[in-house]
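The next block holds one structure in the form of structure tokens; read it before the comments.
The values are calculated or read from the model by the stated rules, or taken from the named source; none is laboratory data. In this text the structure is predicted, and so the values were computed from the model without any measurement. A quick note on method: Cβ atoms are made from the backbone with ideal geometry, for glycine too, and the neighbour counts reach across all protein chains shown.
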Amino acid sequence: MEKKGILCFAVALLGIISAGAGFAAEVTRVKASQVTLELGECVYPRSPALVLSLISAATLLMGQIIINFSTGCFCCKRNNAQSHSSNWTKALCFYIVSWITFMTAVGLLLTGAALNDRRGEQVYKDGGIYCYVIKPGVFAVGAVLSALSSIFGVFYYQTLNSKAKDASNAPIPSQGGIVMAQPQFPSENPGFVNGDAYNKRQVN
């Protein structure tokens with residue numbers, strides 16, 4: 001397997017791990033039914049959601065670093081002769097979407113990890129005690145966005161590399177040259193040769 005294929009496989013694998021860990025965090029998050037009250041204080045059960053969400057965010061970050069390190073400075077390549085091609089536009093779109101989904105996913109995963117790990121926090125309202133629990137779907141949305149970020153990152157990498165490959169395989173323009181050709185018009189009589197003899201020489 002060539003280097004390009006190995007890199008795409010590695011990033012895709014990290015995206016799968018990130019999404020899987022995110023969905024596992026969603027399943028194992030602390031739910032309202034699991035929180036109990038003891039002496040007027042909220043007691044939360046232990047949950048692996050914190051570790052799983054951190055793993056999800058870390059693997060997603062690794063994939064993003066690999067993609068951007070392998071492609072190099074995206075803006076620096078804008079001066080390439082093919083910068084106005086359709087591939088450049090596609091690569092730019094994939095690049096932007098990949099970063100937007102990446103930042104949103106990491107934000108959701110880290111926020112969910114922080115909220116899910118609260119201990120002994122409650123709010124008193126209308127004479128009752130309410131315990132903090134993270135809303136359902138936060139980890140799941142982060143997992144979906146992490147998968148999308150990896151997918152668009154791979155698309156970005158492949159599109160940018162295909163652009164460079166097309167540019168390297170482009171035909172070399174003609175540099176011009178000297179072409180030998182027969183004169184298009186018969187030579188004129190130099191003037192010092194008899195007309196009949198000159199015409200006869202031309203026929204021969």
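From the list 143, 105, the one residue that fits, being modelled with pLDDT of 85 or more, touching a Phe, Trp or Tyr at 6+ places or on another chain (Cβ under 7 Å), among the aliphatic types (A, V, I, L, M) and within 19 Å of residue 54 (Cβ to Cβ), is 143. If you go through region 45-65 and pick out every residue that is part of a helix (DSSP H, G or I) and surrounded by fewer than 18 Cβ atoms within 10 Å (Cβ to Cβ), you end up with 6.
Confirm whether residue 39 is surrounded by fewer than 21 Cβ atoms within 10 Å (Cβ to Cβ) and at pLDDT below 90. For residue 39, the condition - surrounded by fewer than 21 Cβ atoms within 10 Å (Cβ to Cβ) and at pLDDT below 90 - is met.
Residues of region 1-27 being assigned to a helix (DSSP H, G or I) and closer than 15 Å to residue 158 by Cβ, which ones? Answer for region 1-27, where residues must be assigned to a helix (DSSP H, G or I) and closer than 15 Å to residue 158 by Cβ: 3, 4, 5, 6, 7, 8, 9, 10, 11, 12, 15. Can you say whether residue 128 is at positive phi and either at pLDDT below 60 or not hydrophobic (A, V, I, L, M, F, W, C) (or both), as far as the supplied structure shows? No; evaluated as a whole, the condition is false for this residue.
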